[in-house]
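One structure is given below, encoded as C-alpha cells.
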Amino acid sequence: MAYAKYFLSETKPKLNPGELKSIIKRALTEDIGRGDITTQLNIPKDICIRAEIIAQEDFLLCGIDLAGDVFKTVDPGLKFAPKIKEGRRARNKDTLAIISGKAGSILTAERVALNLLSLLSGIATKTFKFVKRIEPFKSKITDTRKTFPGLRALEKYAVRIGSGYNHRMRLDEMVLIKDNHLKIMGGYSQLLKVPKGCKIEIETQNLKEFLRALSFRPDIIMLDNMKIRDIQKAVNIRNNLKFNGRRCPTLLEASGGIHLGNVRKYAATGVEIISIGELTDSIESVDISLAVV
C-alpha cells in the first residue's frame, strides 16, 4: 500500500526556515538572558579561537546544520564547517564540525547548539534502531504527538532522519477519533461527521471495537494496547474482507506498549503502521562536547 497518502515521504526531510529561525531565537533568549556575563567579564572581545564539536559515543547524526545556524545567529562572522553529513553515522571521538571566530561568540552559542544537536541525534538514533529491528517486515515506524512543546517540528524531522515516518503534525491534519471522543459522543452511532477529503482514523482497544470501526471503512484503524494475538486476528479479518471485489484499503496501526524488545513481533503481524511515543517522549540525548583546540 502507498504511504505517501498518509505520511511525509520526502527522501530528504526539510525544516521550515521561518520556524527554524524562531526556535533558535527562543532557545538563545532563554539561555543567554541579558548577556553571557562570564564570557563578557573574562574573555577579551578580539580573541579568536578554533573549536571542535566532538562525538563522545556512537550515534546517528542529526541537527548538524541546525547547530551551525545557532552559532551563526549569535555571530554571523563565525565559520562553521561540518565534517560529517546529516544522517550519517558518527563514531566515538569523531569530529562533527569545526568552528572558528570570536571566542566569546562561540562560548555563548555553545550550550544551545549542543543541546539541540544532542537531542535530535538521540531521536534519530533511537528511531533508526526501531527501523532496523523490524527488517525485513514492511511495517512503517511512526512517531506520535508526544513531543516537547515548541520543538515538534525538530523532533519529527529527527524521526525522518532516522528513517521513520511522521504521523500527523497537528490536530488539523486529519480526524483521529480516540476513546475519550467516543465516551463523550456516546459511542460509534455519531461517527464520521467528516469533511469531504479529510482522512479519518479510529482508535480501537479490542476486536469488538475493531469490527465496529471497520464497518465505517476509515483510512486507518488504530489497534491500541491490544494483545499481539488479537492484532494478528484483526489483520487477518481485514485481509480477507472485500469491498466490491477489492481488498479492504483500511490501514492498521499498532500502538501502545511497544518497545525495542517486542516491536518485531508487532511487525510480524502484518500491520502497516507501528506508532511509538517513546521516539520523542523518552529521549536519550547523545553525548557531544565542544573543545577549544
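Each value in this text was obtained by applying a stated rule to the coordinates, not by laboratory testing. All figures in this text were calculated on a predicted structure; none of them were measured in a lab. Cβ atoms come from the backbone with ideal geometry, glycine included; neighbour counts cover every protein chain shown.
With angles folded into 0 to 90 degrees, how steeply does helix 152-161 sit against the dominant principal axis of the chain? Use alpha carbons for both and round to 10.
That helix lies at roughly 80 degrees to the long axis.
Among DSSP beta bridges lying fully in segment 132-281, give the percent that are antiparallel, nearest 5.
Details: 2 of 21 bridges.
Within segment 132-281, antiparallel bridges account for around 10 percent of the total.
What's the FRET efficiency of residue 225 with residue 56 using the Cβ-Cβ distance as r and R₀ = 30 Å, to the nearest 0.05? Show your work: numbers first, answer last.
Values: r = 37 Å, r/R0 = 1.23.
That pair, residue 225 with residue 56, gives E of 0.20.
For the chain, calculate the relative contact order in percent as a whole number, restricting contacts to Cα pairs under 8 Å that are 6 or more residues apart.
Values: 518 pairs, mean separation 64.9, N = 293.
Result for the chain is 22 percent.
So which aspartates and glutamates can residue 45 reach, going by Cα to Cα under 19 Å and dropping same-chain residues fewer than 8 places off?
36, 75, 110
Between segment 162-177 and segment 236-293, how far is it from one alpha carbon centroid to the other, in angstrom?
13 Å
Please report the antiparallel percentage of the DSSP beta bridges confined to the chain, to the nearest 5.
On the way: 20 of 39 bridges.
The antiparallel fraction comes to roughly 50 percent.
Report the charge-dipole magnitude of the chain in Debye, nearest 20, computed about the Cα centre from +1 at each Lys and Arg Cβ and -1 at each Asp and Glu Cβ.
Details: 49 positive and 33 negative charges, 254 e Å.
Charge dipole of the chain: 1220 debye, to the nearest 20.
Quick check on the chain: helices-only [θ] at 222 nm, where DSSP H runs of length 4 and up contribute -39,500 (n - 2.57) each and the sum goes over total residues. Nearest 500, please.
Numbers: 10 runs with 112 residues, N = 293.
So the helix-based figure for the chain works out to -11500 deg cm²/dmol.
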